[in-house]
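K.L.:
Here's a structure for you.
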Amino acid sequence: MASTLRTLIAPLEEIQFLELLRTRSLTLLHAADESRFDGLLSWITLLEVINDIAIPSNDLRVTVNNCAINPELYSIRGKFCSAKLLQLLAQGASVIVSRLDTCVSALRELCSDITAKTLEAAYAGCIVTTGRNGAFNLHYDPQDLIILQLEGSKRWKVYGPPANLPSRRAVKPHPQLDLVFDGIVCRGDLLVLPAGYWHRCENGDGRSLHIGLFIEPPTGCHAFEGLLSRLYSEELFRTPLTRIGDSADMALHEAALKARLKTLVAEMTLSEMLAQYESYRLPDR
């Protein structure tokens with residue numbers, strides 16, 4: 001089982017893989033052994049996880065024709081119903097489950113090893129598709145993605161140019177997107193999909209199951225998110241702005257805020273920013 005980064009990417013060396021991440025190079029690695037991801041997850045295991053563990057509703061979505069459907073269609077009185085889900089899948093639905101690393105030990109161990117080797121946050125989700133289309137319309141992900149095809153196949157169409165240094169704030173597609181990759185990802189294949197590349201999928205015959213390993217490096221934005229938590233500990237930044245007093249008091253408070261911020265920012269170093277980065281950062285929901 002591919003339980004570590006080294007075994008996951010073989011025959012690539014770790015240094016080669018890290019260079020792919022650094023340069024954000026779109027890469028497809030075909031499987032020498034199509035069973036190499038067995039043990040990480042299966043359709044039966046996924047159903048058991050969904051049934052036995054209280055996965056938050058915002059971590060479980062079902063789509064039909066690229067559109068999310070009402071959770072009432074696959075639940076009974078707020079509780080997940082596998083029979084209803086199977087009926088939807090028989091009609092061509094897709095299931096998207098986020099943060100599987102929190103409840104599947106094999107994925108948790110793999111993500112922990114990736115984080116240790118890259119010093120970047122890593123977490124896992126999966127998509128099950130039975131219809132001809134994929135689960136989503138054309139979109140990009142702000143994280144670098146490692147796609148592991150466990151069952152079935154998917155045709156990936158990837159377009160560029162990618163969004164430059166993409167963030168979680170969605171941007172519109174470039175007006176002149178060009179097809180830069182059109183390939184079939186089969187069982188055991190691994191696709192490195194860099195952040196910002198626009199893509200959509202077409203399902204092969206039967207059911208497809210793939211894992212997405214999301215890798216998110218720390219940025220200056222993350223550093224200032226960490227600074228924000230520090231600001232809450234100081235009375236100066238917790239003072240209600242609408243209750244300060246007259247314009248003179250407001251001016252004094254504004255000056256104090258700016259002066260304190262300037263001092264805090266000046267004291268920050270890149271090494272401290274990296275040290276404060278949450279190594280297991282939860283994605284925005």
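K.L.:
Cα convex hull of region 52-122: how many Å³ per residue?
P.N.:
Working: hull volume 7.9 nm³, N = 71.
Value for region 52-122: 111 Å³ per residue.
K.L.:
Sorting check: for 145-156, 83-94, which peptide has the highest mean count of neighbouring beta carbons within 10 Å, and how do the rest follow?
P.N.:
Numbers: 145-156: 20.7, 83-94: 15.5.
In descending order of packing, they fall as 145-156, 83-94.
K.L.:
For region 1-135, treating each Cα as an identical point scatterer without solvent, what Debye log10 I(q)/I(0) comes out at q = 0.09, 0.11, 0.19, 0.21 1/Å?
P.N.:
Cα-only, vacuum Debye calculation for region 1-135: -0.33, -0.49, -1.15, -1.26.
K.L.:
I would also like to ask the following. Quantify how much of the Cα-Cα distance distribution of region 68-164 extends past 18 Å, in percent.
P.N.:
Values: 2761 of 4656 pairs.
It works out to 59 percent of all Cα pairs.
K.L.:
List, in order, the whole-Hz ³J(HN,Hα) value for each residue of region 113-120 obtained from phi through the Karplus relation with A = 6.51, B = -1.76, C = 1.60 and θ = phi - 60°; use x for Gly and Pro.
P.N.:
5, 4, 4, 5, 7, 9, 6, 10
K.L.:
Considering just Cα atoms, how many Å³ per residue does the convex hull of the chain enclose? Intermediate values should be presented prior to the final figure.
P.N.:
Numbers: hull volume 49.0 nm³, N = 285.
Expressed per residue, the convex hull around the Cα atoms of the chain is 172 Å³.
K.L.:
Oh, and also: Based on the Cβ-Cβ distance from residue 6 to residue 239, what FRET efficiency comes out when R0 is 41 Å, to the nearest 0.05? Could you put the intermediate results ahead of the total?
P.N.:
Values: r = 52 Å, r/R0 = 1.26.
Working from the Cβ atoms, E equals 0.20.
K.L.:
Relative contact order of the chain: what whole-number percent is it, with Cα pairs under 8 angstrom and at least 6 residues apart? Write out the running numbers ahead of the final one.
P.N.:
Numbers: 494 pairs, mean separation 60.1, N = 285.
After rounding, I find 21 percent.
K.L.:
When you have a sec, figure out the Kirkwood radius of region 165-250 from all distinct Cα pair distances and drop it here in Å to one decimal? Can you show the working numbers first?
P.N.:
Details: mean 1/r = 0.0538 Å⁻¹.
The answer is 18.6 Å.
K.L.:
How far apart, in nm, are two points set 7 Å out from the Cα along the Cα-to-Cβ line at residue 42 and at residue 227?
P.N.:
Spacing of the two 7 Å Cα→Cβ label points: 5.1 nm.
Bear in mind that the values in this text are calculations on the coordinates, not laboratory data. Remember, predicted model here, so these are calculated numbers, not experimental data. Here Cβ is always computed from backbone atoms with ideal geometry, including for glycine, and neighbour counts include all displayed protein chains.
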